[in-house]
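Visitor: Here's a structure for you.
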Amino acid sequence: MERSRFVKKFVRNKAAMAGLVGLCVAFFLAVFAYLIIPDNSTHANRQILPIANQAPGFSAYLKIDTLGKKKSENFFRFLLNGHTLTQNYRAYYLLRSDTCPNLLVAYDAQNAADSLCANNFDKVLPYKQTFYLGTDPYGRDILSRLVLGIRVSLRVGLVAVLVSLLIGVALGSLAGYFGGWLDAFIMWWLNVFWSMPLLLWVFALIMALGKREIFIFVAIGLVMWVEVARIVRGEFLYYKQATFVEAAKAFGFSDFRIIFKHILPNLVGPLTVIAAANFANAILLEAGLSFLGIGIQPPTPSWGNLLAEYYPYLGGKLSYLALVPAFAILLLTLAFNFLGSGLRDVFDVRNG
């Protein structure tokens, strides 16, 4: 299919375009998160207990009480990890009084010394911050932690998809091209993996490898190769009978060259579609693992552990704490599914 025809078919698919736009926004937020979010400390873990559990749109004046000397950080390290939290923050609210037109009183004030009189807000030390999604039970900014959760979801999807493609393409191509006892052996392993729920395989692999972030991502990828291998095997069974493969064999080309130079390039379409679907599945699987407490561990914000942390608030006035990460998971997985569905339609020659 010509590139221009591919692009035109893709652009006409509104669902696929919506998914692509959503993913572009997600990747932008993930890369530049610490430049955007209000709390740019590492993991957005700035805790201000006196303003815990505040509703969306809550505003407060924050003042820095230095605990230690702020570490100097270059721009790229900041972009990757944010600022190292070496300072304590105190929150104030504005109070009008006769003695001071702009009186800032600390939320945990115990005496008059815990208030500040500010006649000029351009020069006063405390600065105003709006918590657009409110604060959690530890006084952390929910919006900041929610945005950082995108990074975990995209990382797990990327690593898991790469691992599943490497294993699935390798085993599927060997089984489909050579057949015989090798095909029977690989298909036996495929059926073994298929006979047990994926979540149980992930549990076992995480217990064996450990709970480090990279091990969790690899474990998810190690249980997602089955569908890739099945599709690749089926494609190889079809293409190895094709005329161009027979011609390559007649010219004396090696099996390695035929597999990688002649057959695999024809699998770009199906592999792109399954990669998009596996990306969404990996995000859901990681969220489930973190919700159960065996995935990404706090204070690293993951949509799964945020959902687990706020789940007890469902049914009360703080239900939105659990609904926000759940809605974020829904939107990101829908974006990948819309994109995968659109790519499937584009690569399907029957759709013209």
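Every number in this text was worked out from the coordinates using simple rules, so none of it is lab data. All of these numbers come straight from a predicted model, not from anything done at the bench. All Cβ positions, even for glycine, are placed from backbone atoms using ideal geometry, and neighbour counts span all protein chains on display.
Visitor: How large is the dipole of the chain about the Cα centre if only Lys and Arg carry +1 and Asp and Glu carry -1, each at its Cβ, rounded to the nearest 20 debye?
Guide: That gives the chain a dipole magnitude of about 700 debye.
Visitor: State which helices in the chain qualify, where a helix is a whole DSSP H run, it must extend 30 Å or more along its own axis by its Cα atoms, and its mean Kyte-Doolittle hydropathy must be at least 0.0.
Guide: 142-178, 268-292, 320-347
Visitor: Right, another one. Counting only pairs 8 or more places apart or on different chains, how many lysine pairs in the chain have C-alpha atoms closer than 13 Å?
Guide: Taking the Cα cut-off of 13 Å, the pair count is 5.
Visitor: Once you keep just the Cα pairs under 8 angstrom separated by 6 or more residues, what percentage relative contact order results for the chain?
Guide: 21 percent
Visitor: Sort the following peptides by mean Cβ neighbour count (other Cβ atoms within 10 Å, averaged over residues), highest first: 178-184, 227-233.
Guide: Per-residue mean Cβ counts within 10 Å order the peptides as 227-233, 178-184.
Visitor: Pull up the DSSP beta bridges for the chain and report the antiparallel fraction as a percent, rounded to 5.
Guide: Close to 95 percent.
Visitor: Quick one: length gained pulling A15 to L49 fully straight, 0.36 nm per residue minus the C-alpha distance?
Guide: That works out to 8.0 nm of additional length.
Visitor: Another question, then. Find, among the trypsin sites (Lys or Arg not before Pro) in segment 74-115, those assigned to loop by DSSP (not H, G, I, E, B) with at most 11 other beta-carbon atoms within 10 angstrom.
Guide: R96
Visitor: Bin width 20 Å, origin at 0, all Cα-Cα pairs of the chain: what percent of pairs per bin?
Guide: Here the calculated profile for the chain is 24, 45, 23, 7, 1.
Visitor: If you place +1 on the Cβ of every Lys and Arg, -1 on the Cβ of every Asp and Glu, and leave all else neutral, what size is the dipole of segment 215-322 about its Cα centre, to the nearest 20 Debye?
Guide: For this selection, approximately 240 debye.
Visitor: Can you tally the net charge around F217? Count Lys and Arg as +1, Asp and Glu as -1, for every other residue whose Cβ sits under 13 Å from the Cβ of F217.
Guide: For residues surrounding F217, the net value is +2.
Visitor: Here is a follow-up. At a Förster distance of 25 Å, what's the computed FRET efficiency of F215 paired with S59, Cβ-Cβ distance as r, to 0.05?
Guide: Once the sixth-power term is evaluated, E becomes 0.05.
Visitor: Kirkwood hydrodynamic radius, computed over distinct alpha-carbon pairs, for segment 222-352: how many Å, to one decimal?
Guide: 17.8 Å
Visitor: Counting Lys +1, Arg +1, Asp -1, Glu -1, what net charge surrounds H262 among other residues with beta carbon under 15 Å of its beta carbon?
Guide: Combined, the nearby Lys, Arg, Asp and Glu give +1.
Visitor: Taking 0.36 nm per residue of sequence separation and subtracting the Cα-Cα distance, how much length would be gained by fully extending the chain between K317 and S195, in nm to one decimal?
Guide: 39.6 nm
Visitor: Given a Förster distance of 25 angstrom, what is the FRET efficiency for T84 paired with F28, based on the Cβ-Cβ distance and rounded to 0.05?
Guide: 0.55
Visitor: If you don't mind, there's one more thing I want to ask. Compare the peptides 247-258, 32-43 by average per-residue count of other Cβ atoms within 10 angstrom and give them in order, highest first.
Guide: 32-43, 247-258
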